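Just so you know, all these numbers are worked out from the coordinates, no wet-lab data involved. Bear in mind the structure is a predicted one, so any value in this text is a computation, not a measurement. A quick note on method: Cβ atoms are made from the backbone with ideal geometry, for glycine too, and the neighbour counts reach across all protein chains shown.
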Amino acid sequence: MVNKMDFILFCSWSQLLETLPLPNIKWICPTAPTRPVALFGGFPCTAWFDAGEISEEAPSDLEGLDASAAHVANLLSTEPPNIKLGIGGFSMGAATALYSATCHVLGHYGNGNIYPINLSAIVSLSGWLPCSRTLKNQIERSRDGIRRAASLPLFLCHGRGDDVVAYEHGERSAVTLSSSGFQNLIFRSYNGLGHYTVPEETDEVCRWLTANLGLEGFRLN
């Protein structure tokens with residue numbers, strides 16, 4: 001039996017996703033709401049949460065992160081129980097995906113409300129883990145959190161030439177997640193890659209999803 005998966009991806013690549021050789025995945029690409037973003041001087045733009053700076057240790061918009069994680073979980077919660085669920089994203093979308101991963105392993109959002117779905121995969125491209133120190137401490141204090149973290153596959157990619165989300169943020173987030181108990185984590189770096197994607201990266205994502213989730217059908221031309 002071939003596994004099937006619903007995958008929320010925070011990006012604007014719907015046309016690219018349709019060309020990927022993964023016929024057993026249904027891609028869902030929600031649009032972020034328009035909100036003022038401190039990083040851009042308070043100018044309203046599409047964003048999954050507010051951010052004053054891009055850093056794991058910077059003050060985080062927990063209310064915005066919870067709202068975005070809940071929105072995505074609600075989109076996936078209506079799917080049949082035999083469908084595997086995954087979340088991925090690029091940049092701020094990747095940060096939201098990683099935050100959703102921590103909500104899954106803890107069993108609740110930052111506000112304490114129950115996280116309602118079971119995730120099977122997380123993909124982060126050019127992103128970072130918001131409020132990493134706080135989340136790490138919470139996971140380490142939770143026996144169930146450590147158990148769930150150990151079984152959740154994560155695939156993180158980051159360009160060494162990224163001038164928007166510095167490579168060090170992505171690398172440090174991967175280290176923090178690994179030390180928090182995410183044992184099934186792979187971090188890939190790409191020399192010279194800026195804040196964008198390349199075919200080598202998307203090919204690796206396809207291979208990783210296929211290997212981890214039994215999604216048949218992937219072939220490289």
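In whole Å, how far is the Cα centre of segment 158-184 from that of segment 130-151? Result: 16 Å between the Cα centres. Within the chain, the longest run free of trypsin sites (Lys or Arg not before Pro) that sit in a DSSP loop with at most 16 other Cβ atoms within 10 Å is 1-140. Taking a ≥ b ≥ c as the square roots of the Cα gyration tensor eigenvalues, with a/c under 1.5 meaning rounded and otherwise prolate when a/b beats b/c, else oblate, which class fits segment 36-121? Here segment 36-121 falls in the prolate category. From the residues PRO199, CYS29, ILE146, which one has its Cα farthest along the dipole of segment 5-213 in the positive direction, the dipole being from +1 and -1 charges on Cβ of Lys/Arg and Asp/Glu about the Cα centre? So the residue furthest toward the plus end is ILE146. Note on the chain: GNM, Cα springs under 10 Å; of VAL72, VAL198, VAL105, the largest mean-square fluctuation is that of VAL198. Our analysis of the chain gives Rg over Rh at 0.93, with the two radii drawn from alpha carbon positions and Rh computed by the Kirkwood formula. Kindly work out what percent of the DSSP beta bridges joining two residues of the chain are antiparallel, to the nearest 5. For the chain, the DSSP antiparallel bridge percentage is about 15. Just the number, please: percent antiparallel of the DSSP beta bridges in segment 107-221, rounded to the nearest 5. Percentage antiparallel, nearest 5: 10. Each of CYS157, SER77, ALA38 was scored by the projection of its Cα onto the charge dipole of the chain, and the greatest displacement toward the positive side belongs to SER77; charges sit on the C-beta of Lys, Arg, Asp and Glu. Sorting the Cα pairs of segment 93-221 by distance into bins of 5 Å, from 0 upward, gives 2, 11, 21, 22, 19, 13, 8, 3, 1, 0 percent per bin.
Counting charges near PHE40 (Lys, Arg +1; Asp, Glu -1) among other residues having Cβ under 15 Å from its Cβ returns a value of -2.
Span-like helix check, the chain: qualifying full DSSP H segments, with Cα axial length of 15 Å or more and mean Kyte-Doolittle of -0.5 or more, are 62-76, 92-106. When you restrict to C-alpha pairs under 8 Å that are six or more residues apart and normalise by the size of segment 5-213, the relative contact order lands at 17 percent. Each other residue within a Cβ distance under 12 Å of ASP50 adds +1 if Lys or Arg and -1 if Asp or Glu, for a net charge of -2. Charging the Cβ of each Asp and Glu at -1 and of each Lys and Arg at +1, and nothing else, the dipole of segment 5-213 about its Cα centre rounds to 600 debye. Applied to segment 27-41, the Karplus parametrisation 6.51 cos²θ - 1.76 cosθ + 1.60 on θ = phi - 60° returns per-residue 3J(HN,Hα) values of 7, 10, 10, x, 9, 5, x, 8, 8, x, 10, 4, 4, 10, x Hz, with x for Gly and Pro.
GLY64 sits among other residues whose Cβ lies under 13 Å from its own Cβ, and their net charge, with Lys and Arg +1 and Asp and Glu -1, is -3.
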